[in-house]
1. Pull up region 48-64, narrow it to residues that are without any contact (Cβ under 8 Å) to a residue 12 or more places away in the chain and surrounded by fewer than 13 Cβ atoms within 10 Å (Cβ to Cβ), then point me to the one that is farthest from Glu33 (Cα to Cα).
2. What is the one condition in (1) modelled with pLDDT of 60 or more; (2) surrounded by 10 or more Cβ atoms within 10 Å (Cβ to Cβ); (3) not in a helix (DSSP H, G or I) that Lys39 does not satisfy?
3. Do we have any residue at all in region 45-64 that's of a type outside the set (D, E, K, R), under 16 Å from Arg27 (Cα atoms), assigned to a helix (DSSP H, G or I) and touching a Phe, Trp or Tyr at 6+ places or on another chain (Cβ under 9 Å)?
4. Being in contact with a Lys or Arg (Cβ under 7 Å, 6 or more places away or on another chain) and not in a strand (DSSP E or B) is the filter; apply it to region 65-91 and report the residue that is surrounded by the most Cβ atoms within 10 Å (Cβ to Cβ).
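The values are calculated or read from the model by the stated rules, or taken from the named source; none is laboratory data. Because the structure is a prediction, the values reported are computed rather than measured. Glycine also receives a Cβ, built like all others from the backbone with ideal geometry; neighbour counts cover every protein chain displayed.
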Amino acid sequence: MNVSSSIRFAGQDTKVHEIKMPTAPKRKVSLNEWHQHHKWPSMDTLLYLISNAHENGFDEVISRDPWRITIDEEKFFEYSDVAKEAYGSKT
């Protein structure tokens, strides 16, 4: 997932203008706080992905500290986009 960093448009003088947009900071959310920020996926689904992280590639999305697991939001949504392409979406 690439956060938009600029917008290009043609002005009245037909020159292309570029406006720099601020990039969103990378955010790591703890597993316990995930649902304060996102409704999807369910906690059961997250726990399944984490328990099988070495097999399904989810280990690239999470960081394991001794007392907590954090999820990199940007990497999570990249992972979910790849999974939708690979397995199809039911919606």
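1. Glu55
2. That leaves (2) as the condition not met.
3. no
4. Selected residue: Glu73.
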